[in-house]
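Student: Encoded as structure tokens, here's the structure I'll be asking about.
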Amino acid sequence: MSHGVLAGQRALVTGANSGIGEGVAIALGEAGAKVVVNYISGEERANKVVEAIKSNGSDAMAILADVSKEDQVQAMFKQMIDAWGSIDILVANAGVQRDADFTEMTLEQWQFVIDVNLTGQFLCCREAAREFIRRGIDPALSCSAGKIICMSSVHEVIPWAGHVNYATSKGGVNMMMQSIAQEMAVKKIRVNSISPGAIATPINTSAWNTPKAEAELLKLIPYQRIGKPEDIARAAVWLASDDSDYITGTSIFVDGGMTLYPGFREGG
Ligand code: NAP
């Protein structure tokens, strides 16, 4: 058995076969947790993440589920709890973009992003909280009854032209996270968000994969580098561990200073 900071705990990471979710799943495994690697379309990539976690000495399994569908989310939690007894950590990470100018945005583009990014997190958070309350605190594992980490974005506070659906979904995640945290604190359930800045993953390849695009992006990042999934993963391990006990209802910006209004270095 692993002696990491999350030894013996059971984690579920949605959208864990790619990008940030993959990095978080592997880091939780390295910290000693068993990890469910949720995915919707990339089974082969999900199996590779499972193998990577197992090769580091933790257990893992891939589960296909569309987080925007209530029956699929409930079936995923049941499969996990039947196999491992319970859940200790949820990272509600799965997310999508469907970009369009506001006046061209279709109801379908709007609805799809809200369904996955916001309703998907609601459904997963609710199932996790139900199980945390049923089981209560297991002091051998953690001093809280459960930990939820919502993957938000700097766009929970930075408006984003051409991405009204996405920015709205993340603004909603922030208020959802805080409201759940307020309601669940008395049950000793901690609920927080991580708000990444620009992290190089498949969701935003065009923003960083040419020298011109990279130079434009770096103008928005005072720390002068594009983030990596590992930057987010380290924050997730800490938020999932008892080292961050007493932190709930907070959004941690992991963004190299993107939310510091970098335009004001010269302007204003
Ligand atoms: P990514 O590499 O495109 O990963 C997205 C993941 O979500 C994939 O694993 C995908 O699974 C999964 N997914 C999509 N729809 C799903 C659904 N309905 N049910 C279950 N899984 C679904 O993107 P990423 O950059 O890692 O994004 C992860 C999260 O970080 C998102 O919430 C995103 O908004 C947030 N974020 C990213 C950045 C960034 O700069 N990259 C910045 C701020 C916030 P399949 O591969 O199987 O389709």
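Student: Kindly indicate which of 41, 18 is open to solvent by 60 Å² or more (accessible area, probe 1.4 Å) and within 14 Å of the ligand (Cβ to nearest atom). First the steps, then the outcome.
Tutor: Values: 18 fails: open to solvent by 60 Å² or more (accessible area, probe 1.4 Å).
The conditions single out 41.
Student: Then there's this: For the subset of region 102-114 comprising residues that are under 20 Å from the mean Cα position of the chain (by Cα) and crowded, with 17+ Cβ neighbours inside 10 Å, which member is nearest to the ligand (Cβ to nearest atom)?
Tutor: 113
Student: Can I ask one more? Of (1) touching a residue at least 24 places away in the same chain (Cβ under 8 Å); (2) more than 13 Å from the chain's Cα centre (by Cα); (3) within 30 Å of residue 9 (Cβ to Cβ), residue 139 satisfies all except one. Which?
Tutor: (1)
Student: To continue, here is another question. May I ask you to list the residues in region 22-38 that are within 8 Å of the ligand (Cβ to nearest atom) and in a strand (DSSP E or B)?
Tutor: 38
Student: What are the pairs with Cβ atoms under 6 angstrom where one residue, in region 10-31, is touching a residue at least 40 places away in the same chain (Cβ under 8 Å) and among the charged types (D, E, K, R) and the other, located anywhere, is more than 10 Å from the ligand (Cβ to nearest atom) and part of a helix (DSSP H, G or I)? Sequence gap at least six, or different chains.
Tutor: Taking only residues 6 or more apart or on different chains, the pairs are 10/84.
Student: Now a separate question. State yes or no: is residue 131 away from the ligand (no atom under 15 Å from the Cβ), outside any strand (DSSP E or B), closer than 18 Å to residue 13 by Cβ and more than 18 Å from the chain's Cα centre (by Cα)? Let's see the steps before the verdict.
Tutor: On the way: away from the ligand (no atom under 15 Å from the Cβ): yes; outside any strand (DSSP E or B): yes; closer than 18 Å to residue 13 by Cβ: yes; more than 18 Å from the chain's Cα centre (by Cα): yes.
Here the answer is yes, as residue 131 does meet what is asked.
Student: Kindly evaluate residue 186 against the criterion of being assigned to a helix (DSSP H, G or I) and either closer than 29 Å to residue 7 by Cα or open to solvent by 80 Å² or more (accessible area, probe 1.4 Å) (or both).
Tutor: Spelling it out, residue 186 is indeed assigned to a helix (DSSP H, G or I) and either closer than 29 Å to residue 7 by Cα or open to solvent by 80 Å² or more (accessible area, probe 1.4 Å) (or both).
Residue-by-condition table, conditions (1) basic (Lys, Arg); (2) open to solvent by 40 Å² or more (accessible area, probe 1.4 Å); (3) at pLDDT 95 or above; (4) assigned to a loop (DSSP other than H, G, I, E, B):
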{"site": "222", "(1), (2), (3), (4)": "no, yes, yes, yes"}
{"site": "234", "(1), (2), (3), (4)": "yes, yes, yes, no"}
{"site": "247", "(1), (2), (3), (4)": "no, yes, yes, yes"}
{"site": "256", "(1), (2), (3), (4)": "no, no, yes, yes"}
{"site": "263", "(1), (2), (3), (4)": "no, yes, no, no"}
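Student: Separate question: Between residues in region 202-229 that are touching a residue at least 24 places away in the same chain (Cβ under 8 Å) and more than 22 Å from residue 18 (Cα to Cα) and residues that are within 14 Å of the ligand (Cβ to nearest atom) and acidic (Asp, Glu), which pairs lie under 9 Å by C-beta distance while being six or more apart or on different chains?
Tutor: Hits for this filter: 221/255; 223/255.
Student: Still on this structure, please answer the following. Across region 87-101, what is the total count of residues that are surrounded by fewer than 16 Cβ atoms within 10 Å (Cβ to Cβ) and away from the ligand (no atom under 13 Å from the Cβ)?
Tutor: 2
Student: Next question, about the same structure. With the requirement that a residue be in contact (Cβ under 8 Å) with a residue 60 or more places away in the chain and either in a loop (DSSP other than H, G, I, E, B) or surrounded by fewer than 19 Cβ atoms within 10 Å (Cβ to Cβ) (or both), what does region 47-86 give you?
Tutor: Matches in region 47-86: 84, 85, 86.
Student: Quick test of your reading of the structure: residue 192 fulfils all but one of (1) open to solvent by 60 Å² or more (accessible area, probe 1.4 Å); (2) outside any loop (DSSP other than H, G, I, E, B); (3) of a type outside the set (D, E, K, R). Name the failing condition by number.
Tutor: Failed condition: (1).
Student: Could you please let me know if residue 266 is in contact with a helix residue (DSSP H, G or I) (Cβ under 8 Å, 6 or more places away or on another chain), more than 30 Å from residue 107 (Cα to Cα) and of a type outside the set (Ser, Thr, Tyr)? Steps first, please.
Tutor: Values: in contact with a helix residue (DSSP H, G or I) (Cβ under 8 Å, 6 or more places away or on another chain): no; more than 30 Å from residue 107 (Cα to Cα): yes; of a type outside the set (Ser, Thr, Tyr): yes.
So residue 266 does not fit the description; no.
The values are calculated or read from the model by the stated rules, or taken from the named source; none is laboratory data. Keep in mind it's a predicted model, so treat the numbers as computed, not measured. Counting neighbours? That spans all protein chains shown, and the Cβs are built from the backbone with ideal geometry, glycine included. The accessibility values were calculated without ligands, DNA or RNA, using every heavy atom of the protein model including side chains. Shrake-Rupley method; radii C 1.70, N 1.55, O 1.52, S 1.80 Å.
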